[in-house]
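Enquirer: Dropping the structure in here first, questions after.
None of the figures in this text is laboratory data; all of them are computed from the coordinates on show. Values in this document were obtained by computation on a predicted structure and should not be read as measured data. Methodologically, a virtual Cβ is constructed for each residue, glycine included, from the backbone with ideal geometry; neighbour enumeration extends over all protein chains shown.
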Amino acid sequence: MNGFRLPRPIFAPSGGGAASLGPPSAPVWLPLALSDIAGVAAIAAQLHPSLPERAAVLAEKAALFPEGCRKLLADGVMCGYALAHPWRTAVLPALDAFLDGLPAAADCLFIHDVAVLPQARGQGAAASFLLHADAVAMQHNLPVHALIAAYGTVRLWRRFGFAPLEGEQHVVELAAYGPQAVYMSRAVANGPAAG
Ligand SMILES: CC(C)(COP(=O)(O)OP(=O)(O)OC[C@H]1O[C@@H](n2cnc3c(N)ncnc32)[C@H](O)[C@@H]1OP(=O)(O)O)[C@@H](O)C(=O)NCCC(=O)NCCS
């Protein structure tokens with residue numbers, strides 16, 4: 001199976017009544033198929049109501065760069081997703097807009113979104129996806145991860161080694177991602193040196 005499991009089970013075993021069913025299986029990141037996009041859009045609508053994106057825009061990312069796109073499954077049910085694609089450092093993709101292809105001279109893996117439903121959080125899903133992102137970036141000779149930290153998630157991403165990009169602040173483009181948005185980047189673990 002082309003997926004990897006998180007370090008701990010997502011839900012504690014029930015301790016009695018459902019013993020015959022056994023403990024729920026740990027959540028796992030798996031490749032995202034185009035047929036999964038309705039599930040992605042549903043989770044996005046739930047977690048990002050103020051930053052709506054069309055399902056077709058989300059689907060384009062999975063079609064253009066499937067290796068950067070994953071779904072999080074727990075007991076066969078989608079409980080999260082992550083979308084990433086090669087891009088240019090310090091260039092902010094417009095929200096809810098088609099990429100219309102990937103840049104020939106990509107120099108970063110842009111993490112468009114990591115979204116996990118509340119009941120599946122606290123299990124290291126984002127950290128686990130970043131391990132996958134590191135591997136993908138290395139395969140594609142991309143030295144840097146970039147993302148836009150929305151909803152005050154700067155502290156969360158700092159813990160994973162991301163830092164706000166020095167220099168130009170991209171105020172206009174960032175505003176579309178909400179008032180707290182910050183563009184951040186991080187060197188790919190064990191990746192090629194940034195140019
Ligand atoms: C971001 C997200 C994927 C992380 O899920 P996760 O990998 O399960 O992460 P956890 O819930 O285990 O959180 C990891 C740590 O970051 C902290 N954290 C989580 N969200 C945070 C936030 N918005 N701001 C600051 N810290 C945050 C947690 O408290 C936790 O700290 P702890 O280990 O001290 O308890 C999940 O919170 C989510 O889907 N949020 C909504 C969508 C979103 O904001 N995505 C990011 C857009 S840039």
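Enquirer: Convert each backbone phi in the stretch 147-158 into a coupling constant with the Karplus relation 6.51 cos²θ - 1.76 cosθ + 1.60 (shift: θ = phi - 60°), then list the ³J(HN,Hα) values in order as whole Hz, x for Gly and Pro.
Expert: 7, 10, 7, 9, 6, x, 8, 3, 5, 4, 6, 4
Enquirer: Using Cα pairs closer than 8 Å and at least 6 residues apart in sequence, work out the relative contact order for the stretch 27-187, in percent. Could you put the intermediate results ahead of the total?
Expert: On the way: 266 pairs, mean separation 32.0, N = 161.
Across the stretch 27-187, relative contact order equals 20 percent.
Enquirer: Now, a different point. State whether the stretch 27-187 is rounded, prolate or oblate according to the following rule on the C-alpha gyration tensor (a ≥ b ≥ c being the square roots of its eigenvalues): a/c under 1.5 gives rounded; otherwise a/b larger than b/c gives prolate, and the remaining case gives oblate. Walk me through the numbers on the way to the answer.
Expert: Numbers: a/c = 1.31, a/b = 1.26, b/c = 1.04.
Note, shape of the stretch 27-187 comes out rounded.
Enquirer: What are the ³J(HN,Hα) values, in whole Hz, obtained from phi via the Karplus relation 6.51 cos²θ - 1.76 cosθ + 1.60 with θ = phi - 60°, for each residue of the stretch 58-75 in sequence order, with x given for Gly and Pro?
Expert: So the Karplus estimates, Gly and Pro as x, are 5, 5, 4, 5, 5, 6, 6, 8, x, 5, x, 10, 9, 10, 9, 10, 10, 6 Hz.
Enquirer: Can you tell me which of 80-92, 118-130 comes out highest on packing, and rank the rest after it, using the mean Cβ neighbours within 10 Å?
Expert: 80-92, 118-130
Enquirer: Apply the Karplus parameterisation 6.51 cos²θ - 1.76 cosθ + 1.60, with θ equal to phi minus 60°, to every residue of the stretch 97-108 and state each ³J(HN,Hα) to the nearest whole Hz, in sequence, with x for glycine and proline.
Expert: Whole-Hz 3J(HN,Hα) from phi for the stretch 97-108: 10, 5, 6, 6, x, 9, x, 5, 9, 5, 10, 8.
Enquirer: Could I ask something else about it? How much of the DSSP bridge set in the stretch 27-187 is antiparallel, in percent, rounded to the nearest 5?
Expert: Values: 25 of 28 bridges.
Counting only bridges with both partners in the stretch 27-187, antiparallel ones make up about 90 percent.
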